[in-house]
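To start, the structure under review is shown below, and the notes come after it.
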Amino acid sequence: MFISGFAAAEPAAAHLAAHLGSPSPDADRPRSEDETICRLTVTTVLLSALRAWAMGDRSTAWPPRPDDPFLARVVAAVVDDPGQEWTLDSLASLGAMSRSVFSARFREAFGSSPASFVTEVRMRRAKELLDAGTPVSETSWALGYTSDEGFSRAFRRHTGIAPSAWRSDARSRASV
């Protein structure tokens, strides 16, 4: 099992884990309590590892996993159907909040606006579709853009290159 950042998250358990299985310098005679202590140490390290995994860095997770179940419902809906015409009203309604409360809670939880999040989801999906060889116009349509030009501008703003160039790069990466 590997848990990134385990030593920082659980320093005492990491220290214990580093010494599991290492004989002590005065281990010339085994003691009857050694087996019990080993079991407790292994249990402690395992529980600490599970806690570190469960409490992992949520800031790097995609899609983000908010603690708020109403925001989680909104995130899941946008990720499941990024091509839908998501408006602030529809997102707030899905989250069972007023527009102003929803915007404030969303910004507090994610550090960006709901519109920025929808764009991020669409651009991630666009990259996946283009990497899979989906034509630019089909990708544009699937993500809810009303024109290829609008999609191309948004994609270029987000990635720095045109969607057709991204798709060509994906093809050349795949053939290598």
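Check W166 against each of (1) over 30 Å from L71 (Cα atoms); (2) among the aromatic types (F, W, Y); (3) without any contact (Cβ under 8 Å) to a residue 24 or more places away in the chain and name the one condition it does not meet.
Checking W166 against (1) over 30 Å from L71 (Cα atoms); (2) among the aromatic types (F, W, Y); (3) without any contact (Cβ under 8 Å) to a residue 24 or more places away in the chain, the one that fails is (3).
Of the residues S59, S93, which is at pLDDT below 90 and either assigned by TED's automatic domain parsing to the domain that holds A142 or of a type in the set (S, T, Y) (or both)?
Working: S93 fails: at pLDDT below 90.
None of the other options fit; the residue is S59.
Return yes when S140 is in contact (Cβ under 8 Å) with a residue 12 or more places away in the chain, under 16 Å from D68 (Cα atoms) and assigned to a helix (DSSP H, G or I) and no when it is not.
It is false that S140 is in contact (Cβ under 8 Å) with a residue 12 or more places away in the chain, under 16 Å from D68 (Cα atoms) and assigned to a helix (DSSP H, G or I).
Conditions (1) at pLDDT 90 or above; (2) farther than 30 Å from R167 by Cβ; (3) part of a helix (DSSP H, G or I), marked per residue:
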site: L71; (1), (2), (3): yes, yes, yes
site: A76; (1), (2), (3): yes, no, yes
site: P82; (1), (2), (3): yes, no, no
site: R105; (1), (2), (3): yes, yes, yes
site: A109; (1), (2), (3): no, yes, yes
site: A115; (1), (2), (3): yes, no, yes
site: V121; (1), (2), (3): yes, no, yes
site: R124; (1), (2), (3): yes, no, yes
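Quick check on segment 126-137: of everything there that is at pLDDT 90 or above and aliphatic (A, V, I, L, M), which residue is farthest from R65 (Cα to Cα)?
Across segment 126-137, the extreme among qualifying residues is V136.
Just need a number here: residues in segment 84-103 that are assigned to a loop (DSSP other than H, G, I, E, B) and touching a Pro at 6+ places or on another chain (Cβ under 8 Å).
We begin by selecting, within segment 84-103, every residue assigned to a loop (DSSP other than H, G, I, E, B); these are 84-87, 95-98.
Then keep just the ones that are touching a Pro at 6+ places or on another chain (Cβ under 8 Å); that gives 86.
Summing the residues that are assigned to a loop (DSSP other than H, G, I, E, B) and touching a Pro at 6+ places or on another chain (Cβ under 8 Å) in segment 84-103 gives 1.
Would you call A126 among the small types (G, A, S) and either touching a Pro at 6+ places or on another chain (Cβ under 8 Å) or surrounded by 15 or more Cβ atoms within 10 Å (Cβ to Cβ) (or both)?
yes
In this structure, is W141 farther than 25 Å from V74 by Cα, of a type outside the set (G, A, S) and surrounded by 14 or more Cβ atoms within 10 Å (Cβ to Cβ)? Explain how you work it out, then say what you get.
Details: farther than 25 Å from V74 by Cα: no; of a type outside the set (G, A, S): yes; surrounded by 14 or more Cβ atoms within 10 Å (Cβ to Cβ): yes.
So W141 does not fit the description; no.
What is the residue count in segment 91-129 for residues that are more than 18 Å from the chain's Cα centre (by Cα) and more than 15 Å from G144 (Cα to Cα)?
Number of matching residues: 15.
The values are calculated or read from the model by the stated rules, or taken from the named source; none is laboratory data. Only a predicted model underlies this, so the values are computations on that prediction, with no experimental measurement involved. All Cβ positions, glycine included, derive from the backbone under ideal geometry; neighbour counts span all protein chains shown.
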